[in-house]
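The values are calculated or read from the model by the stated rules, or taken from the named source; none is laboratory data. All figures in this text were calculated on a predicted structure; none of them were measured in a lab. Here the Cβ positions follow ideal geometry from the backbone for every residue, glycine too, while neighbour counts run over all protein chains shown. We work out accessible area using only protein heavy atoms, side chains counted, and drop any ligands, DNA or RNA first. Shrake-Rupley method; radii C 1.70, N 1.55, O 1.52, S 1.80 Å.
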Amino acid sequence: MVYFISQVPDPLLATLDDRPPNVTVLAADGTVLAERGLRRGHIRVDVLPDHLIKAVMATEDRRFYHHLGIDPVGLARASYRNFTAGTVVQGGSTITQQLAKNLFLKPDRTITRKLEELIYAVWLEQRFSKDEILELYLNRVYFGGGTYGVEAAARHYFGRSARDVSLAQSAMLAGLLKAPSRYAPTRSVRAASTRAQVVLDNMVEAGFITEATARKVAAQPLKLRAKGDDTGFPYAVDWVAELLPEYVGENDGALVVNTTVDAHLQRAAQERLRKLLDTEGRKVKAGQGAVVILDPASGAVMALVGGRSYKASPYDRALKALRQPGSAFKPFVYLAALESGYTPDSVAYDGPVNIRGWQPKNYTNKYKGKVTLRYSMAHSLNTVAVKLTSAVGPERVAHTARRLGVNSKLHTQPSIALGTAEVTLLELAGAYAPFANGGKRVLPHVITRIRNGEGKTLYKRRKSVTGQVVALHNVGAMNDMLNTALVRGTGKRAAIPKHMAGGKTGTTQNSRDAWFVGYTAHYVAGVWVGNDNGKHMKKVTGGTLPASLWHDIMLSAHEDKRPLPLPGAHSRRPREETIAVRLPWPSQTAKARDDATERPFYQRVFGFFGGG
């Protein structure tokens, strides 16, 4: 004990050191995207609202003003609750212990470290008053989103000082202390709201508020409103800040972070999204959108726009929002079919389908009869996609999507053919990359290197491509079909001059979500348009606003790019006056044509190759 006490730094230094640990975020070309002081604006505890203090105490340490740094009663209560729940639902460390760990200790889980924590906690209680300990704690603790301290967190999430937060916002801030990255509202509004409800329940249990007040507050929206600008950089910078603890742990020093962000593309994507929503979007009740642009060769995220306005809402819809992609999921259905022996020229029958009472129809409510798979992909025929999924198996479709990079949980019901499993825009765009790079899966990423203030490298990205996941001849077949969708299918508005491109539209029921994901040899880009509350838009499809926005962004991105063919097919130089470049596809061999006339039993049952 004497040894540990002799090693304790003077805790007064923690209150005097008001210099924020700067994080400088650099674009891919080395220019500065943002400089953030992660711990900024020390705020006195006596100006904080009472409900914020009580929210923290109810959740972290109810007996804070009644113990000497260690709380045997609280520890016993937490142990009992954890035992009865069968899992860890409540911690036993006091606020003073947490502060001691924050000030003096490394996050090691050892008996020695726990003993040091207890000794330092008692020591802090002797040197500081309770209010001073609480003030120091609230100004140093991590609140997620790259922010340290309650003032920085309040301004980051709500665009206001911590002295002005509401009870609902106080509950959310207090809820972050348990797991900041998991419960940050910029990561998941639902998780943050659920956690805030737990805090309100704790406040009722502690006698700080009534049940009626808790119910009233729980019904109030969080009203996220962050400080931002028109560049769109804050969405990408937020993602970087969230990743830092994972890459370098808790770091109190200055950091320089190199990213993959192209400042020009980022700014252009943000400006065009806002302009679209303010003009055409307003007419059709489309209030939000998101854009992602990646390098198909490496998975480097070159632009990430999480919403119409960061200032109005810092929630990142490109990275965090799980939504049904609709027909934008169909490429995985068709790839699974190609890997089962089909070709773009295989003939299917577009007609009524009934699978155990489920009777999906085409968007137009019309049927085309005999069509090739190329035509059905280009025109997004639902019945053919459903029949293909039934033929190859929904499990195989889900496995194909996962193999290419879709990491969200996918169900294996027949409706997966129509994109009813929820995904994020980032992972969907990343899963299209193999079509653009010759069949290799990529890992979407934004950080390439992290250095400390002295220039020492703390992290450097090594590998971003995991290997071949699609055979080259199947890449060529997919590019044939997805290119047709842009040339004469549902994605015609997305076609760009001179450059061969492929892509797919997606629209969910009642126009709640509209997507376009496409690619050239230079970029993969995804666009989502919709509303946060799920309200339907006025006849918006993936081939309208999203395709138009994709076209505008990619046109700007390709200004200085040389036209290149897509992989897996023979190429010819496109005519300059061509607006939608048709990808040349070699004629099918005689064997392939012969194969297309055979009708195995399962294909006859589900109407393939001309069956009824």
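Here the extension length gained between Arg190 and Lys456 equals 91.9 nm, from 0.36 nm per residue of separation less the Cα-Cα distance.
Could you please state how large a percent of the accessible area of region 489-555 is carbon and sulfur, counting protein chains only and using a 1.4 Å probe?
46 percent
Spin-label pair Val465-Arg44: with each label point 7 Å from Cα along the Cα-Cβ axis, the two points sit 6.0 nm from one another. About the centre of its Cα atoms, region 280-429 shows a dipole size close to 560 debye [charges on the beta carbon of Lys, Arg (+1) and Asp, Glu (-1) only; nearest 20 debye]. For region 136-176, the carbon plus sulfur part of the accessible surface works out to 42%, probe radius 1.4 Å. Ranking Val204, Thr194, Ala219 by Cα position along the charge dipole of region 157-235, where only Lys, Arg, Asp and Glu carry charges on their C-beta atoms, puts Thr194 farthest toward the positive end.
Using a probe radius of 1.4 Å on heavy atoms only, what accessible surface per residue do you get for region 292-406? Whole Å² is fine.
Details: 3750 Å² over 115 residues.
Heavy-atom SASA per residue in region 292-406 reads 33 Å².
Only one residue of Gly430, Ile447, Leu458 has its Cα farthest out toward the positive end of the dipole of region 421-464, where Lys and Arg carry +1 and Asp and Glu -1 on Cβ, and that residue is Leu458. Within the shell defined by Cβ-Cβ distances under 11 Å, the residues around Ala547 carry a net charge of +2, with Lys and Arg each +1 and Asp and Glu each -1. With Cβ to Cβ distances under 15 Å as the rule, what net charge do the other residues near Val333 carry (K, R +1; D, E -1)? Around Val333, the charge tally is +4.
Counting protein heavy atoms only, region 219-360 has 49 percent of its accessible area on carbon and sulfur, 1.4 angstrom probe.
Using 1/(1 + (r/R0)^6) with R0 = 22 angstrom and r between the beta carbons of Arg127 and Val73, what's the FRET efficiency to the nearest 0.05?
0.40
Here region 163-311 is assigned +1 on the Cβ of each Lys and Arg and -1 on the Cβ of each Asp and Glu. Its dipole about the Cα centre then comes out at about 780 debye. In region 524-566, taking the dipole from charged Cβ atoms about the Cα centre, the farthest positive-side position among Pro565, Ala525, Gly542 is held by Gly542.
At a Förster distance of 30 Å, what's the computed FRET efficiency of Lys366 paired with Lys538, Cβ-Cβ distance as r, to 0.05?
Working: r = 22 Å, r/R0 = 0.72.
E between Lys366 and Lys538, to the nearest 0.05, is 0.90.
Multiplying the residue separation of Lys409 and Val248 by 0.36 nm and removing their Cα-Cα distance gives an extension gain of 55.1 nm.
At 0.36 nm per residue, and after removing the present C-alpha to C-alpha distance, how many nm does the segment from Thr213 to Ala179 gain when stretched out fully? Could the numbers behind the result be given before it?
Numbers: separation 34, 0.36 × 34 = 12.24 nm, distance 2.53 nm.
Gain in length upon complete extension: 9.7 nm.
Net charge within 11 Å of Ala300 by Cβ-Cβ distance, Lys/Arg positive one each and Asp/Glu negative one each, not counting Ala300 itself? Overall, the nearby charge balance is -1.
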